[in-house]
Amino acid sequence: MTHDTTPAELEQALAAAAAAAPAFGASEPGVRAGWIRAVADALDAASDELVPIAMRETSLPQARLTGEVARSTGQLRMFADVLEEGSLLEVIIDTADAQAKPVPRPDLRRVLVPLGPVLVFAASNFPFAFSVCGGDTASALAAGCPVIVKAHPGHPELSARTAEVMIEALKSAGAPDGTFGLIAGFDVGVTALKDPRITAAGFTGSVPAGKALHEIAVTRPEPIPFYGELGSLNPVFVTQAAIDARGKDIASGYVDSFTLGVGQFCTKPGLLFLPTGHGLQEQLVEAVGGVAEAPMLNDRIRDGFSSGLDRLEKVDGLRVWSTGAATLLQTTVAELLARRDEILEECFGPVSIVVEYDGADQLKAAIEAFEGNLTATLHAEDSDADQARELLPLLTARAGRVLWNGWPTGVAVSWAQHHGGPFPSTVGSIHTSVGVTAARRFQRPVAYQDAPDAVLPDVLKDSNPAGISRRVNGTVTTDEVSR
């Protein structure tokens, strides 16, 4: 689908998703896991076809895109494994207790159920991992929700072909028709978001677009959850002890991180805070000067970056240290605090700012100047333990992932990962778009009280036919339940 979706096509996609929702949502965890693995296998098999399309449309290199396919299929298989293991459903059973105080307790059985059809707005910077077959899609399917993806205009041919592969895989595996669909067009996405058959939405993109879509989602006659990832500066703070111990490594690691993917990662470190007198300017400028030219994802992003960089270079108090394939700017904490709104406006692309601070009080003031971020990083040594204990709560209040002596680019897909943060990094700071718990965004809890075993879903039955892990009277077990 390389054309904008027509009203008739949109209605067909919405109706199909709504029709698929009951059967797909009621599918046994092991069966749904099989459908999801079929999608992963099909995408891996089509990688040699899909990657060249992505290279042509996004200018990203083959190795990066091949790795992205593996990331996408890996997270699909991870969700399949978790479905079979059972914890994705969070089954909790409290058996009846006539002796409970202050009143007898009924039999209560709680499980997470899918919300229904989910609308996903694909991102441009990861044409596989955050697009048609990305984490929002994978987690919603694992939750039992049919998915409709609004394709990103930056890679329309790839979006269409990826969707075809996924739809054919689901159909061949026996999933209900309408489990997955693709639409295209800005107005089409807005229309779909307003449709009462859509029960939740995921978005990765700019702050203005995300705020506008969020407003639509929460002001519908029946408001729905909107999970938007909007913008993040991902500040990095470095102590003097860290500079003394490994200053050159910090300089090279920082430049590698903020220029990775031509600076088009949502976790790009946008600011590096160094103590005054750090002595790293020469190494930083040399490293930035060695960055090779590379095209950006598309003309729209390139033009936006050019405009943003031009704006930054005109801000009083910002000085250009190095420019070329990447740009390094410099300022001080005092100047940042005086022009906070101008300096702390995200510029998506290969630019970052070194901010010099004088002492612990200025470092704390700098941290407190930030709004919500996906990440915050502290480079420190063991001798900094007392200072670190003071700084970590400040960083925790402003970020969803706090790193110690690392770099924020690179988001592992795992059980413990959290890719979210306080606004404006994400709309809902209590949720993640990466990792197992991403599925929780598209589920709601239901508790059954005193229901007979024969009418309960299999995952709640006494005999536990699916063999999943359940918390029974406070203890996690796969055993049968005795009433």
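The values are calculated or read from the model by the stated rules, or taken from the named source; none is laboratory data. It should be emphasised that the depicted structure is a prediction, and the values quoted were computed from it without experimental measurement. All Cβ positions, glycine included, derive from the backbone under ideal geometry; neighbour counts span all protein chains shown. Only protein heavy atoms, including side chains, enter the accessible area calculation; ligands, DNA and RNA are left aside. Shrake-Rupley method; radii C 1.70, N 1.55, O 1.52, S 1.80 Å.
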Scoring the range 130-180 by relative contact order with C-alpha pairs under 8 Å, at least six apart, yields a percentage of 39 percent
When every protein chain stays in place and a 1.4 Å probe is rolled, Arg401, Arg389, Arg105, Arg441 sorted by accessible area with the largest first are Arg389, Arg105, Arg401, Arg441
In whole Hz, the Karplus estimates of ³J(HN,Hα) for the range 249-256 (6.51, -1.76, 1.60; θ = phi - 60°; x where Gly or Pro) are 5, 5, 4, 5, x, 5, 5, 4
Rounded to one decimal in Å, the inverse mean reciprocal Cα-Cα distance for the range 331-459, i.e. its Kirkwood radius, is 17.6 Å
quick note, the range 235-413, DSSP beta bridge pairs, % antiparallel (nearest 5) is 10 percent
Square roots of five times the C-alpha gyration tensor eigenvalues of the range 235-413, ordered largest first and given in whole Å, equal 24, 17, 17
At 25 °C and 0.890 mPa s, the Stokes-Einstein diffusion coefficient in µm²/s for the range 424-483, with hydrodynamic radius from the Kirkwood sum on alpha carbon pairs, is 174 µm²/s
Using a 1.4 Å probe on heavy atoms of the protein chains only, the accessible area for Ser383 in Å², nearest 10, reads 100 Å²
Residues other than Arg105 with Cβ under 13 Å of its Cβ, Lys/Arg counted +1 and Asp/Glu -1, net out at -1
Partner lysines whose C-alpha sits under 29 Å from that of Lys150, ignoring same-chain residues fewer than 8 away, are Lys171, Lys194, Lys211, Lys268
The range 26-76: Kirkwood hydrodynamic radius (Cα pairs, Å) comes out at 11.8 Å
The chain, Kirkwood Rh and Cα Rg, ratio Rg/Rh at 1.01
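Sequence gap at least 6, Cα distance under 8 Å: using those rules, report the relative contact order of the chain to the nearest whole percent. Write down the numbers at each step before the final one.
Numbers: 994 pairs, mean separation 90.2, N = 483.
In percent, rounded to a whole number, it is 19.
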Using alpha-carbon coordinates alone, the radius of gyration and Dmax of the range 168-272 in Å work out to 20.9, 61
Long-range share for the range 1-40, i.e. C-alpha pairs more than 16 Å apart as a percent of all pairs, stands at 54 percent
Rounded to a whole %, the carbon-and-sulfur portion of the accessible area of the range 282-382 at a 1.4 Å probe is 44 percent
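Tell me what the chain gives for mean residue ellipticity at 222 nm when only DSSP H runs of n ≥ 4 count, each as -39,500 (n - 2.57), the sum divided by the residue total, rounded to 500 deg cm²/dmol.
Mean residue ellipticity, 222 nm, calculated: -13000 deg cm²/dmol.
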quick note, the chain, DSSP beta bridge pairs, % antiparallel (nearest 5) is 30 percent
For the range 373-483, percent of DSSP beta bridges that are antiparallel (nearest 5) comes out at 40 percent
Relative contact order in percent for the range 273-397 (Cα pairs under 8 Å, 6+ apart) equals 26 percent
Counting only protein heavy atoms and rolling a 1.4 Å probe, one gets per residue an accessible area for the range 235-413 in Å² of 42 Å²
Note: Ser59 to Arg105 extended length (0.36 nm per residue) minus current alpha-carbon separation gives 10.4 nm
